[in-house]
Amino acid sequence: MGIKVAITGRPNVGKSTLFNRLAGRKLALVDDTPGVTRDRRVHPAKLYDLHFEVIDTAGFEDAAAATLQGRMRAQTEIAIDEADLIFFMVDARAGLLPDDRTFAEIVRRSGKPVVLVANKAEARGAGTGLLEAWELGLGEPVPISAEHGQGMPDLRDAVIGALGEARAFGEEDEGESLPAESEPLIGEDVADPDVETPYDDTKPLRIAVVGRPNAGKSTLINTLIGEERLLTGPEAGITRDSISVEWEWRGRRMKLFDTAGMRRKAKVQEKLEKLSVADGLRAVRFAEVVIVVLDATIPFEKQDLQIADLIIREGRAPVIAFNKWDLIDNPQEVLADLREKTERLLPQVRGVQAVPVSAETGRGLDRLMEAVLKTHKVWNSRVSTGRLNRWLERVLTHHPPPAVAGRRLKIKYVTQAKTRPPGFVLSCSRPEAMPQSYVRYLVNNLREAFDIPGVPIRVALRASENPFAGKAKKRS
């Protein structure tokens, strides 16, 4: 099993910058504001010929346990307990501060091997801070620049020196290789065979959890996986980074993505919140199923509908979770009202799965996951061309396309071009003249005929080829 390395230190010393460099990708948010990172993030990393898992942590802050900073510190202490090696990072440019000395003592008491990393060593005057770092008693400081990539060979040697060659070059987990940068997005057009392939339940399922701030997204994930993995609390907007968590439910491997709360665009002014929202949107694009968490006490705000519309436009498979159900007094009446509103306000995904849950108590979470799997199967569904055209023949007999400008529109055939989400190509005369109302009629009929509820359906209109186009008319 590979080693784990936790990057620790006080706020704003460059932990997330080093994490991104070791991970080989810009995963963690980086800003000049202290305390950007709050949750701990784990990712496969590479340092030349060393392969390991790196953990980004929140900056150590001296605060009461009940405060947000205190809960952030608890998450960092968990990361230290999990790690095999600790990178204790200081700012060589600023020199040692009292917090550095306090937290160095905490790291020393953990008994784990420590590499003292002096970041920002490329700055003028950093030599003084480098000498001060010796006072921590954690060994020789390794001068690096996480932003510019300087000092990485020395850091590699320090890791080998702290762990020993045998442990540092231990067995690599081949399954934890870094994903390629050119990895295609889910839902891109692929040349699928014209067969109804069986659903593959052995592949890991990627699920993003989104919603407005303070809807209970992090609490939902913590309750699902059964541990306090993500930072939660009464404060709105705690989550900033999109954190992924590996999990298994009833034998199915899953990766859950927690995202920052998305407020209305007009209210998002700070640069950091813009970065957080952009990170959340990226998680949505790489997910397969997206759970939209709504606060059942104030559901279907304008922002909730905009988030749902974004997911549908991206082609993801949405599932709605009405959270905080334990606060509802008359659940039957409220549920009937919410389901009616769901059908009326989200007609583009008619039949979407909507489940009442309580992230705090765990009520309804099994039903939520069953809805996720059901929606994912529908999202992957394929209908053969033969069945589609038999259906089209019945539809055209019952309700043919209208006449436009005195000429009736003709539809020749239909075929499914892709899945994830289901996409269909309709061959017809004058595609530009086809009314959208008739296309919607076909989509709704398609849902009912082939049981495709609750996912986006794409229909592309194509003009059928005219074999006589371009040929001059023969004169008699």
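Read the figures in this text as sums done on the coordinates, not as results from a lab. Keep in mind it's a predicted model, so treat the numbers as computed, not measured. Every residue, glycine among them, receives a Cβ derived from its backbone with ideal geometry; neighbour counts consider all protein chains shown.
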Of Lys46/Lys255; Lys15/Lys112; Lys26/Lys255; Lys203/Lys302, those spanning more than 25 Å from alpha-carbon to alpha-carbon: Lys203/Lys302
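Identify the trypsin sites (Lys or Arg not before Pro) of segment 82-133 meeting these criteria: DSSP loop state and at most 12 other C-beta atoms within 10 Å of the C-beta.
On the way: sites: Arg93, Arg101, Arg108, Arg109, Lys120, Arg124; in loops: Arg93, Lys120, Arg124.
Qualifying residues, ordered by number: Arg124.
Please find the FRET efficiency linking Glu333 to Glu77, where r is the Cβ-Cβ separation and R0 is fixed at 60 Å, and quote it to the nearest 0.05.
Working: r = 46 Å, r/R0 = 0.76.
Efficiency computed from Cβ-Cβ geometry: 0.85.
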Distance cut-off 26 Å, percentage of C-alpha pairs in segment 4-175 lying past it: 21
Trypsin sites (Lys or Arg not before Pro) lying in DSSP loop within segment 374-413, provided at most 13 other Cβ fall within 10 Å: Lys410
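How many percent of all Cα-Cα pairs in segment 385-463 sit more than 19 Å apart? Could the numbers behind the result be given before it?
On the way: 946 of 3081 pairs.
In whole percent, the share of Cα-Cα pairs in segment 385-463 beyond 19 Å is 31.
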Under 28 Å between alpha carbons - lysine pairs in segment 337-476 that sit 8 or more apart or on different chains: 11
Under-5 Å amide H pairs with Ile3, H placed in peptide plane, nonlocal only: Glu53
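What net charge is computed for the residues neighbouring Asp62, neighbours being all others with C-beta under 14 Å from the C-beta of Asp62, Lys and Arg scored +1, Asp and Glu -1?
Details: positive: Arg10, Arg71, Arg73, Arg101; negative: Glu61, Glu77, Asp99, Asp100, Glu105.
Neighbour charge sum, excluding Asp62 itself: -1.
When DSSP assigns beta bridges and you keep just the ones with both residues in the chain, what percent turn out antiparallel, to the nearest 5? List each step's numbers first, then the result.
Values: 24 of 66 bridges.
So the antiparallel bridges in the chain amount to around 35 percent.
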Given (1) 23.9, 82; (2) 25.2, 81; (3) 27.4, 104, the label whose value is Rg and Dmax of the Cα atoms in Å derived from this model: (3)
Over 20 Å [Cα-Cα, segment 309-373], rounded percent: 30
Whole-number percent relative contact order across the chain, with pairs defined as alpha carbons under 8 Å at least 6 apart: 11
Simple label model, 7 Å out from Cα along Cβ direction - Arg167 to Arg458, nm: 5.0
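How would Asp91, Asp157 line up from fewest to most surrounding beta-carbon atoms within 10 angstrom?
Numbers: Asp91 22, Asp157 13.
Ordered by Cβ neighbours within 10 Å, fewest first: Asp157, Asp91.
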For segment 205-379, convex hull of alpha carbons as volume per residue, Å³: 108
